[in-house]
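The structure appears below as structure tokens.
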Amino acid sequence: NKYYKDNENYQVAAMSMESILSTVDSMMGTVNIAIAAIAAISLLVGGIGVMNIMLVSVTERTREIGLKIAIGAQQSRILWQFLTEAAVLTSMGGILGVATGIGLAEMMSHIMGTPVAISVPACIIAVAFSMVIGVVFGLVPAMKASKLNPIEALRRE
């Protein structure tokens, strides 16, 4: 009789696999949103860094740009020069990042003895997205370079 009384404190619960799956789906959705937010902030910070580097490049090359404009270079040529520079800079960074990721994945795979799956389309999209970020954030410095007044640019030291 004493044992029976103690057993009254226990509760029994049953959960279906569907409810567990919906809970896991909800948690994965939250994790995906957090990862997307972190990636967006990283891209924004990287883009601002590219913009700063390109602005410094424009400032350092003011005389060169002024000379090009003075001898007849079109604004569009100057614009495309700096956009191309930004695209190449960020594409190289994207390629280096993808190569580092592949190398680290292969190293972890070798150490842990687990297979690794590398998606070629994902790598291509990552490099292309890196290039797009470079072009978008390189637009302001390129516009600044293309609109320089050649007389003032050549007067600067």
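The values are calculated or read from the model by the stated rules, or taken from the named source; none is laboratory data. Computed from a predicted structure; not experimentally measured. Every residue, glycine among them, receives a Cβ derived from its backbone with ideal geometry; neighbour counts consider all protein chains shown. The accessibility values were calculated without ligands, DNA or RNA, using every heavy atom of the protein model including side chains. Shrake-Rupley method; radii C 1.70, N 1.55, O 1.52, S 1.80 Å.
Note the per residue figure in Å³ for the convex hull of the C-alpha positions in the chain.
In the chain, the Cα convex hull volume per residue is 219 Å³.
What number, in percent, do you get for the relative contact order of the range 26-157 if the mean sequence gap of Cα pairs under 8 Å and at least 6 apart is divided by its residue count?
47
Ordered by packing density, taken as the mean number of other Cβ atoms within 10 Å over each peptide's residues, highest first, how do 115-125, 62-72, 98-108 rank?
62-72, 98-108, 115-125
Counting Lys and Arg as +1 and Asp and Glu as -1, each charge on the Cβ, what is the dipole of the chain about the Cα centre in debye, to the nearest 20?
760
Please compute the per residue accessible area over the chain with all protein chains in place, 1.4 Å probe, rounded to a whole number of Å².
So the chain comes to 75 Å² accessible per residue, rounded to a whole number.
With helices defined as uninterrupted DSSP H runs, which ones in the chain have an alpha carbon span along their own long axis of at least 15 Å and mean Kyte-Doolittle hydropathy of at least 1.6?
Correct list, ordered by number: 120-146.
Once every DSSP H run of n ≥ 4 in the chain is given -39500 (n - 2.57) and the sum is divided by its residues, what mean residue ellipticity at 222 nm do you get, rounded to the nearest 500 deg cm²/dmol?
After summing the helix terms and dividing by residue count, I get -28500 deg cm²/dmol.
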